[in-house]
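Here the structure comes first, spelled out in structure tokens, and everything after it is commentary.
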Amino acid sequence: MAGALVPATHFSTHQWGQTVPGRTTHFEIYGDNPEKLAAFYASLFGWAMDKLEGIDYWRIRQDPADTGKVDGGLTYRPRADPKGWLQFIDVESIDASLAAAEEMGATVVRPKTAVPRTAWVAVLADPAGNMFAIWQPDATAMPMPEPD
């Protein structure tokens with residue numbers, strides 16, 4: 001279908017298991033004090049919160065015993081207004097999906113960004129302003145070097 005998002009049509013292993021077309025891959029929770037929020041969700045639901053070294057990001061495992069699966073993440077709010085959780089949808093090509101989404105009236109909230117050695121991600125707002133993210137697994141994804 002012309003202009004449609006390009007869902008993942010291949011099945012490849014990435015950090016969290018199988019890539020499944022159109023499946024929500026994980027969620028993110030945002031806050032102004034993510035360390036306090038991580039403690040809140042860990043206490044409330046018993047989730048394991050693993051802080052990544054060098055950045056203010058916690059990986060969430062809803063089943064603390066399952067060390068091979070990451071269900072979500074927690075970090076600072078990317079903008080002042082979103083309140084809630086952000087859903088991430090697998091796509092085969094983040095570039096093609098970004099172009100198609102913009103053509104259909106979506107707005108890019110956060111452009112294509114590398115999650116080092118994991119994936120490419122972009123955050124969009126649909127025509128009604130609802131935010132979602134698209135996620136292209138890529139074990140070679142790396143941020144572009146900062147200019148001098």
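The values are calculated or read from the model by the stated rules, or taken from the named source; none is laboratory data. Please read all numbers here as calculations on a predicted model, not as lab measurements. Because the Cβ atoms are built from the backbone with ideal geometry, glycine has one as well, and the counts that use them run over all protein chains shown.
One table, with the values for the structure above:
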quantity	calculated
Flag if LEU86 is under 20 Å from ARG23 (Cα atoms), in contact with a helix residue (DSSP H, G or I) (Cβ under 7 Å, 6 or more places away or on another chain), touching a residue at least 24 places away in the same chain (Cβ under 8 Å) and not acidic (Asp, Glu)	no
The listed residue being touching a residue at least 40 places away in the same chain (Cβ under 8 Å), within 22 Å of PRO143 (Cα to Cα) and of a type outside the set (A, V, I, L, M, F, W, C), out of ARG59, ARG77	ARG77
Cβ-Cβ under 7 Å pairs, at least 6 apart or on other chains, the range 106-129 side modelled with pLDDT of 90 or more and surrounded by fewer than 16 Cβ atoms within 10 Å (Cβ to Cβ), far side of a type in the set (A, V, I, L, M) and not in a strand (DSSP E or B)	VAL108/LEU98; ALA114/ALA141; ALA114/MET142
Exclusive hit being in contact with a strand residue (DSSP E or B) (Cβ under 7 Å, 6 or more places away or on another chain), surrounded by 16 or more Cβ atoms within 10 Å (Cβ to Cβ) and either small (Gly, Ala, Ser) or in contact (Cβ under 8 Å) with a residue 60 or more places away in the chain (or both), set VAL70, VAL91	VAL91
Strands (runs of 3 or more DSSP E) completely within the range 1-74 that count 2 or more residues being at pLDDT 70 or above and in contact with a Gly (Cβ under 8 Å, 6 or more places away or on another chain)	24-31, 57-61
Residues satisfying the stated conditions in the range 75-101, i.e. outside any loop (DSSP other than H, G, I, E, B) and touching a Lys or Arg at 6+ places or on another chain (Cβ under 9 Å)	ILE89, ASP90, ILE94, ASP95, LEU98
